[in-house]
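Have a look at the structure below before the remarks.
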Amino acid sequence: ERQKVLSTAMADQDVVALVGDDGNACAQLFFIRNGKLIGQEHFYLEGTTDEDLSSATGQFLAQYYQNAPDVPREILVERDIAEHDIIEAFLRQKRGKKVHVVAPSRGEKKRLVEMAQTNALEALSQLRTQLDADKGRTQEALTALKEALGLERLPLRIEAYDISHIQGAETMGAMVVLHTGVPRKSDYRRFRIKSLGPDPDDFAAM
């Protein structure tokens, strides 16, 4: 496909826009080399509010460029970021040359940031639609499970266990948890079972 010319400056730039909505956020990246758009990516982030988008943008830059194959001379962002000097120093170390993180207020650079912001908003809207659809399907599944098992209430918390051992020794138990049909990894547990005899017995372990 023909590469779209976005910048008349023929510069190497990354454009980063991060937008939030109801605890979710989307970071949109444009990769511009020699003034041409060569690629783009977006990432969904959880637990981000409008009040801490400045901090979240700085954290995102640090995490993304930790393993990024290329750091350009200039990174455009839509707002001043927290710990600006620290982020620039980190990026300079990664690139081996100076890196500028800029929040433009006008002109062509501002237009690039606004384009990335528009894309991020569209991606976040699509995520919201998907989450609403998933929530509806999950509710239907829980209702079907309630009816199939003859439960009085919806099974809002579901625990699943698995027992494993090495030829009867080192017996371990693992628990995974679903809350309202969604994995809750903070409640996952592993159990080291020491009260069994020498013979493997999964039922006794349970």
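Taking 21, 14 and ordering them by how much accessible surface each has at a 1.4 Å probe, largest first, produces 21, 14. In this structure the range 12-101 gives 51 Å² per residue of accessible area when probed at 1.4 Å with all protein chains present. Keeping the other protein chains in place, figure out the carbon and sulfur percent of the accessible area of the chain, with a 1.4 Å probe. Looking at the chain in its full context, I get 49 percent from C and S.
Among (i) -0.48, -0.83; (ii) -0.30, -0.78; (iii) -0.35, -0.82, find the value of log10 I(q)/I(0) by the Debye sum over Cα atoms at q = 0.08, 0.13 Å⁻¹ that was calculated from the structure presented, and write down its label. Matching the structure shown: (i). Using a Förster distance of 30 Å, how high is the FRET efficiency between residue 138 and residue 190, based on the Cβ-Cβ distance and rounded to 0.05? Calculated transfer efficiency: 0.70.
Residue 157: net charge of surrounding residues, Cβ under 15 Å, Lys/Arg +1, Asp/Glu -1, itself excluded? Cβ neighbours under 15 Å give a net charge of +2. Put the Cα centre of the range 52-66 next to the Cα centre of the range 176-193 and the gap is 29 Å. The calculated FRET efficiency for residue 206 paired with residue 83, based on their beta-carbon distance and R0 = 41 Å, is about 0.25. In terms of its alpha-carbon gyration tensor, the range 99-200 comes out oblate; a/c meets the 1.5 threshold, while b/c is at least as large as a/b. What is the helix-to-structure angle for 107-149, meaning the angle in degrees between its Cα long axis and the longest Cα principal axis of the chain, kept from 0 to 90 and rounded to the nearest 10? Computed tilt is about 10 degrees. Against the criterion of solvent-accessible heavy-atom surface with a 1.4 angstrom probe, 84, 42 sort, most first, into 42, 84. Over the range 106-206, accessible surface divided per residue gives 75 Å², non-protein components excluded, 1.4 Å probe.
The heavy atoms of residue 110 present about 60 square angstrom of accessible area, all protein chains included, probe 1.4 Å. Counting lysine pairs in the range 63-206 whose alpha carbons fall under 30 angstrom apart, excluding pairs fewer than 8 residues apart on the same chain, gives 10. With both residues required to sit in the range 25-142, DSSP beta bridges show an antiparallel share near 75%. Looking at the chain, the DSSP beta bridges with both ends there are about 85 percent antiparallel. Given their separation in residues at 0.36 nm each and the Cα-Cα distance between them, residue 179 and residue 157 gain 7.5 nm when the chain is fully extended. Remark: accessible surface ordering of 201, 85 (largest first) is 85, 201, probe radius 1.4 Å.
The values are calculated or read from the model by the stated rules, or taken from the named source; none is laboratory data. As the structure is a computational prediction, the values presented were derived from the model and not from experiment. Backbone-built Cβ (ideal geometry, glycine too); neighbour counts: all protein chains shown. Heads up: the accessible areas ignore ligands, DNA and RNA and are worked out on the full protein's heavy atoms, side chains in. Shrake-Rupley method; radii C 1.70, N 1.55, O 1.52, S 1.80 Å.
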